[in-house]
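Values in this text are rule-based calculations from the coordinates and carry no lab data. Predicted, not measured: the structure shown is a model, and the values here were computed from it. Because the Cβ atoms are built from the backbone with ideal geometry, glycine has one as well, and the counts that use them run over all protein chains shown.
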Amino acid sequence: YATIDPSTLTFGVFGQQRHRGLEINLFGELTKGMRLLGGATFMDAEVRDPMNAAGLTLRPVGVARRQLALQGEWDVSELQGFTLTARATHSGDVYADATNLAKVSGWTVYDLGARYVTRLGTTPLTLRAMVKNVADERYWKQGRYAATLGMPRTLALSSTFEF
């Protein structure tokens, strides 16, 4: 566990982190043309820091107790090659500092999209459109070393040619 010693203001390894948890994944085709992909992570992480004189159980910076994701796809049978997609992603609260005094709130983001597979002459072509963060949720994503502002509502368009 690398951090800054507050008494000497030196950076070094002063303890360890222990991460124990459970990860569950699911995927499959519920009915013809309807697919699900999802997962959940439940994490019990703690810092074992000998400089922690109070003996408090501290959580590592940027590690959420839970993270969830669920994505679905539906092939629209009336429109050959056309698929609608939806995704929900959730992250629980995390700490932004080693003393667990600054907390970054959890967040949930929803994405909606569509995909169309066709041909341009003899070349296979896939067109995609996705609206990320449909509800324009304002949130911070906290990593181990820095926090970044979450992506605002964004329209992403792409095409893929196979040749």
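Before moving on, here are some points about what is shown:
- Candidates per trypsin sites (Lys or Arg not before Pro) in region 1-50, loop by DSSP, up to 15 other Cβ within 10 Å: K32
- Choice from S91, S105, S77 with maximal GNM fluctuation in the chain (Cα, 10 Å cutoff): S77
- Choice from E46, E78, E137 with maximal GNM fluctuation in the chain (Cα, 10 Å cutoff): E78
- Summing Cβ point charges (Lys, Arg +1; Asp, Glu -1) relative to the Cα centre of the chain gives a dipole of roughly 40 debye.
- Computed over the chain: relative contact order in percent, which uses C-alpha pairs under 8 Å that are six or more apart: 15
- The structure-derived value of log10 I(q)/I(0) by the Debye sum over Cα atoms at q = 0.13 Å⁻¹ appears in the list (1) -1.13; (2) -0.78; (3) -0.65 under the label (2).
- Cα-based reach from K141 at 16 Å (exclusive), listing aspartates and glutamates while leaving out same-chain residues under 8 positions away: D93, D97
- Look at the alpha carbon pairs under 8 Å that are at least 6 residues apart: their mean separation over the length of region 13-104 gives a relative contact order of 25 percent.
- Among A45, T31, P152 - extreme Cα towards positive end, dipole of region 13-163, charges at beta-carbon: A45
- Region 54-137 shape via C-alpha gyration tensor axes, a/c threshold 1.5: prolate
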